[in-house]
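A short write-up of the structure that comes next.
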Amino acid sequence: MAYSVNSETINNATEVINQLAIFLRTAKVHNINNTAVISATDKFVSLVNNIIGLENTIVLEIRGEYFYFNDYRIRYSPEYILNLDSLIREFKKVELGTILIKNKISPEDIKVFIGLFLKSHLSENPFDYLKDGMSDIASIQLKKIQTISDETLDKRKIVKRIYFNAVSFYKEIFNKVRNDEKINLKRAKRVITSVINQIIEQEQILLGMTAIKDYDEYTYHHSTNVSILSVALGRRMDMNHKMLIDLGIASIFHDIGKIEVPNEILNKPSNLNDSEWRIIKKHPKWGVNAILKMRSIDDLTINSAIVAFEHHMNINHTGYPQVENPAALDLFSRIVSIVDQYDAMTANRIYRSNPMSPDTTLRELQEKSWEKLDPLVFKFFVNMIGIYPIGTLVMLNSKELGLVFENNQDFLHRPRIMIISDNKGNWIKGHLVDLADKNGNDEYLRTIIKTMNPKHYNINLAEYLL
Amino acid sequence: MEICEQLTTVRNIIQAILKAKKIVNLYPENNPIYIKALKELSDRFSEFFQDNESLKLNIDKNTIFYDSESVYQNSAMLDNLALLFFKDGVRELTFKNGLTAKETEAFIKIISLDFEKDTIDEDVVTLFWEKDLDNIQYIVEDQFLSDDYEKKAMDELQQKTSTPESIEEIYSAIFSEEEGSKNEIILPVTDEDFHSLLEEFDKHNQDKTDKSLNMLFELFSEVEKEQEYLDIVNYFKMFIEFFIKKGNINAVVDVQSRLKKLIDNERTDREIRKCAVKLLSFTGGYSIIDLIGNILNSSQKIEENVFKSFVSFLDTNAILPFMKLLGELKAIHTRKLVIDALVYLGKKDISSLYKGLNDPRWYVVRNMAYILRKINDKNAFTYLLKPLEHEDIRVRKEVIRTLGELGGDKAITSLQRCLHDNNIHVRKTALSALGNTGAAAAKQIIMEQISDKAFNDNSFDEKKQYFEALANWKDRDVYDFLVKMLSKRSFFPGSKDYDNKACAVYCLGLIGRKDAIPILNEYKNNSNKLLREYSFSAVQRIENGI
């Protein structure tokens, strides 16, 4: 029989997970006997024992990418999303699938658990290490995360397929618009839905896909990337499913007006002259034209047309097109504007021999365009993309070279790195290291000391990220 | 539960789904039949979940399976539940114990949509996904996925593989300190940021009319080529229709007002002005007025002042569509809005209104007669003659009232004829209309009618109506006529004479001249009760100045 859910249960569930995440994070940074850790322990124990008094049992379980509390799936609310994400990652790292608490617990029980949990990372069999260590504590039982099939294991392959299919579909859309053909919006929404599902389940892999810029068909990849990054950002902002689909569709079409721009201007290897710039600056209006020609008017069409029209406008009313009565820019436009600039600045273009590295781009956007971009959206963007975005080439204090492979939402400055050279400068086929890992003396094993642009050295990101 | 029993329960669930699917399209949510169908389905699910944790259905093109057994079979192309899921890629559908009534209803509402309609932009899978139903899971085969582009793109990337030598280059660059940096942007997200986001979402979901219109007018101001003019006019039309379909007449008024400014501005480009005129005219065309009719016929509220503003920008081309609408309107309370619109527009082109007088629907002709009365253009007279003969007395009465207000010799002559209409109500209306004209000719007609022998054949009520009409003239002529009538010895002695005299007394009372009091007093003690009572009332009326 299904567990009956009331609002108190939901609050309890969210609070337990939140406190556990805070507790783990504090314990990672401080010694187990530190006041902050002790305070977090007491808070957590008191919360758990209260719930045990009411419910008798607590079952905290991971299924897929969600936490279930006494069989109830926890919904990700904005204020807890980062904690939930990071906790899922931590559980998976030590292969912990379920925590079952049957009786009241003591602070000592929890201290033992946390101590083992943090050390289990270093063990070859982290779950066994954790479970063995907990065998004397009867009130807490642990279960290993359920084994998943080979097919599911190959998530990277699925994400890759979804990504390329999205590009292929967007290419088809552009061609249809070019030929004044009708677009199948049902299919477009399905493509967006599949992309969003991957963002929910495999955000980092998909973000990694957008970091590869070596494709020949820039326009389609750029539109796909903008769409993926926009939706990922929308999800970080806790948009509901409908808003995410609308944002996904609107962002696909943001540059559709470029269809009208002659290729010799779009791909001109040298600087554009004034008259060529005038043509480029017309693409937002041409975009509106293309969208309005494409389908009848509804809220989705209006949102898409507004994004196409406003994505080069700035919040300080600079940018283009210049309008008679400038008004506040739409939220979707502000999202797409940041994402569009970021993706374009990091891309290889015929007219730009040296595209910026992802981290330099973020810095550039922050320093030079601060008054032009929405600070709130930018903040969420940086937190999603990471201080060292995926694909950034880094030198570690170990003198190894690596590429940022995945972000760590708890410690944005300590991402997971794919090592590409050893400390002697010998090329090695990458293996992953986590910059959040510590040695027995509570010191980080590796730290970034410098970042560089992989493009300067012809490093093919695809080789590592795909 | 035995497998046979389970299969029966599952088949019952499918049947309940099919039944609910039909019913939700036919009845509103608060209808008992609607509620019952969903309740039945929930009961079926509950029955199954007493012994099972989940119900997993496998979907094939024409068949739905439970535990490898067929529980639904249909090979038709229409109304095929299996095909509905299958064509959108659903291959497995699982209902979990804990399924709520809300989730069941959401599920039924989705599958009961007409997915063949162009207006539905989602398929079953996208809608399930949007709803994010906790206890309904599905496995989908994404048929749109293919490897073709992936292979091509991967081949391109293969050719750009980096060489190990470049590592040395990086190393030397880093150690020569020519390359490399480390500037971390730290922008922690705070609770306040999440609150700000909620406000942003609210703003995002607000109406985007102004923004859309500003965008459209920006495009409009920069069109150059002929095709662009055609396109922009088309976009405006689409937006206007969209606004009206949403009941947003305010937005249309905004468009009209901005178009009018463009038209009135001398500096506006000639082509743009032409487009603006065309668009303004479009707002009064059949398609838009028909949509307005949908709103007027619905329960949607329409603000009178907004509607008036809308009409104020319309041109005469809106007259015929509004007249058409007048014939189609079902809601009586909104009829006045359309009539007022036609009164306003009809002043600009009254001849278009005359067509409405030939409408086969009596109520349209009647409304048109009313509208012509409000416009009060004497030229309408000729066109009113035909409906004056209309078979419906409500029309004849309305036309008579209009003729009465238009006045003029021709109208009075027509009204005189109406005094012989075979319907007493029409005759009474004609009398009242004649009285309202205040014309001497009309007075003369009434007096002649009263003096006519045949007058005595009228009922007392009708006679009284004549004198009421006559009382509109409070002049000497009428006074003398009445006094003379009272003093005259009748050729028709008896009750009819008393009836006539009572009416004359009544009329003197209505006229209210004090010099009539002595004459009236003479009849206060008359042997005829009717005359006595009428005289008494008339005197009182004059003395009290009523």
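Laid out as a table, the results:
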{"item": "A:K399-B:L78 pseudo-label distance in nm [points 7 Å out on the Cα-to-Cβ vector]", "result": "7.9 nm"}
{"item": "Column: log10 I(q)/I(0), Debye, Cα scatterers of the stretch A:183-261, q = 0.13, 0.20, 0.22 Å⁻¹", "result": "-0.38, -0.88, -1.04"}
{"item": "Quotient of C-alpha Rg and 2.2 N^0.38 Å, computed over the stretch B:1-157", "result": "1.16"}
{"item": "Descending semi-axes in Å of the stretch A:135-231, equivalent ellipsoid built from Cα gyration tensor", "result": "37, 14, 11"}
{"item": "Cβ-derived FRET efficiency at R0 60 Å, B:E522 paired with B:Q206, nearest 0.05", "result": "0.15"}
{"item": "Cβ-based exposure ranking for B:I244, B:I120, in which fewest neighbours within 10 Å come first", "result": "B:I120, B:I244"}
{"item": "Whole-angstrom Cα spans of the stretch A:393-465 along principal axes, big to small", "result": "37, 28, 19"}
{"item": "Largest-first ellipsoid semi-axes for chain B, taking √(5λ) over the Cα gyration tensor eigenvalues, angstrom", "result": "79, 37, 22"}
{"item": "Cα pair distances exceeding 30 angstrom across the stretch A:152-385, given as percent", "result": "19 percent"}
{"item": "Stretchable slack from B:N456 to B:T94, in nm (0.36 nm times residue separation minus alpha-carbon distance)", "result": "121.3 nm"}
{"item": "Size-normalised alpha-carbon gyration radius of the protein assembly as shown, reference 2.2 N^0.38 Å", "result": "1.36"}
{"item": "Cα convex hull of chain A - mean projected area over all directions, nm²", "result": "25.0 nm²"}
{"item": "A:V323, A:V195 arranged by Cβ crowding within 10 Å, fewest neighbours leading", "result": "A:V323, A:V195"}
{"item": "For B:K39, B:K225, order by how many other beta-carbon atoms lie within 10 Å, fewest first", "result": "B:K225, B:K39"}
{"item": "Average partner coverage of A:378-386, which counts Cβ from other chains inside 10 Å", "result": "3"}
{"item": "Inter-site label distance for B:K378 and B:L18 at 7 Å from Cα along Cβ, in nm", "result": "7.6 nm"}
{"item": "Stokes-Einstein D in µm²/s, Kirkwood radius over Cα pairs - the stretch A:7-147 at 4 °C with 1.567 mPa s viscosity", "result": "86 µm²/s"}
{"item": "The stretch B:208-317: proportion of alpha-carbon pairs further apart than 23 angstrom, %", "result": "25 percent"}
{"item": "Folded to 0 to 90 degrees: helix B:476-487 orientation relative to chain B principal axis, Cα", "result": "60 degrees"}
{"item": "Which of A:Y170, B:I186, B:L213, positive extreme of dipole for the protein assembly as shown (C-beta unit charges)", "result": "B:L213"}
{"item": "B:S112-B:R476 FRET efficiency (beta carbon distance; Förster radius 56 Å; 0.05 resolution)", "result": "0.10"}
{"item": "Test item: Cα-centred dipole of the stretch A:393-465, Lys/Arg +1 and Asp/Glu -1 on Cβ, debye", "result": "280 debye"}
{"item": "With Cα atoms, 0 to 90° folded angle of helix B:191-204 axis to chain B main axis", "result": "50 degrees"}
{"item": "FRET efficiency estimate (nearest 0.05) - Cβ-Cβ, A:Y320 to B:K355, R0 51 angstrom", "result": "0.45"}
{"item": "Peptide ranges B:124-132, A:368-376, B:447-455 listed from the most packed, as the mean C-beta count within 10 angstrom indicates", "result": "B:124-132, A:368-376, B:447-455"}
{"item": "Amide hydrogen neighbours beyond the local backbone of A:N460, cut-off 5 Å, H modeled", "result": "B:S162"}
{"item": "Other protein chain Cβ atoms within 10 Å, averaged over every residue that makes up A:180-191", "result": "4"}
{"item": "Relative contact order computed over chain B (Cα-Cα under 8 Å; 6+ residues apart), in percent", "result": "5 percent"}
{"item": "Helix B:319-328 vs. chain B, principal-axis angle (Cα, 0 to 90°, nearest 10)", "result": "90 degrees"}
{"item": "Approximate spin-label separation B:A440-A:K104, in nm, with each point projected 7 Å along Cα-to-Cβ", "result": "11.3 nm"}
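No lab work stands behind these numbers, since they all come straight from the coordinates. Small disclaimer: the values here were computed from a predicted structure and weren't measured. Note that each Cβ is placed from the backbone with ideal geometry, even for glycine, and that neighbours are counted across all protein chains shown.
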